[in-house]
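Okay, so here's the structure we're looking at.
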Amino acid sequence: MLDASQYGVTQRDVVGAHGLAQPSSQPIPMICCVRDLGILRYADAFARQQDFVAGRKADEIPDQLLFVEHPHVVTMGRSAHSENILASPELLERAGIELHDTDRGGDVTYHGPGQVVGYPIMDLRKWKRDVVAYVRGLEQVLIDTLGEFGIASERVQGATGVWTPEGKIAAIGVHISRWVTSHGFALNVETDLDFFRYIVPCGLTKPVTSMRALGVDANRAEVTAALARNFGRVFDRNMETI
């Protein structure tokens, strides 16, 4: 059995101050709002996530699926090892790469132009109270989406994310507080893979790839539409684009 702590989730994260949180007596219909936030710096996107998380915890809004594209940034998760950043802060700055600590699970990762980042803000009390099942669900969303574009991908035991024979194509790192999720996944669509040379992605010395590198010339709108459609199917949500 997998340990949810590997995703940066502890018992304290998912249990409220008065024990296990209970569903609202008047639950919001199971819809999920899809919002494309465009290009946002990492700190700005994190602040937007926090606003949505607060609204979801209060049961004031339904589940959300946020899409965003970040300017060049390296983020360090809860399990990050500084030695997996292969460049000094000064070199990163000269290359135009921001550096941020974050509260998601996982190690070091890179986000940048040409990458579709998805941030689900979802109340798992109204799906499954199961962190591992949630992460596996995100992997399935990515696998099914890539399949629509003719890319065969799979899970690799002991390594969260989605892989092709040519390398890792999507990363996953989540945070869960009182069963409400934040952070999520990053899919390399037409990402400049040279920027991964500054880090050891997710602490794994394995190659990375992208949809473009695999010969798929899909645009952002096509990819986000497929991701939203598969997210709705995997998590049994009615997807509504805002």
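If you take the residues of the range 146-162 that are closer than 28 Å to ARG78 by Cα and either surrounded by fewer than 21 Cβ atoms within 10 Å (Cβ to Cβ) or hydroxyl-bearing (Ser, Thr, Tyr) (or both), which of them is nearest to the chain's Cα centre (by Cα)?
THR160
Can you name the strands (runs of 3 or more DSSP E) wholly within the range 93-174 that have at least 3 residues being without any contact (Cβ under 8 Å) to a residue 12 or more places away in the chain, closer than 19 Å to ASP236 by Cβ and hydrophobic (A, V, I, L, M, F, W, C)?
Output list is empty.
Being out of contact with any Leu (no Cβ under 7 Å at 6 or more places or on another chain) and either assigned to a strand (DSSP E or B) or at pLDDT 95 or above (or both) is the filter here; which residues of the range 73-85 pass it?
VAL73, THR75, MET76, ILE85
Hey, any hits in the range 96-113 for a residue that's modelled with pLDDT of 95 or more and surrounded by 16 or more Cβ atoms within 10 Å (Cβ to Cβ)?
Within the range 96-113, one or more residues are modelled with pLDDT of 95 or more and surrounded by 16 or more Cβ atoms within 10 Å (Cβ to Cβ).
Of the residues GLU240, GLU222, only one is surrounded by fewer than 19 Cβ atoms within 10 Å (Cβ to Cβ), part of a helix (DSSP H, G or I) and modelled with pLDDT of 95 or more; which?
So the residue among GLU240, GLU222 that is surrounded by fewer than 19 Cβ atoms within 10 Å (Cβ to Cβ), part of a helix (DSSP H, G or I) and modelled with pLDDT of 95 or more is GLU222.
The values are calculated or read from the model by the stated rules, or taken from the named source; none is laboratory data. From a predicted model like this one, the values you see are computed outputs, not experimental measurements. Cβ sites come from the backbone with ideal geometry, for glycine too, and all protein chains shown count toward neighbours.
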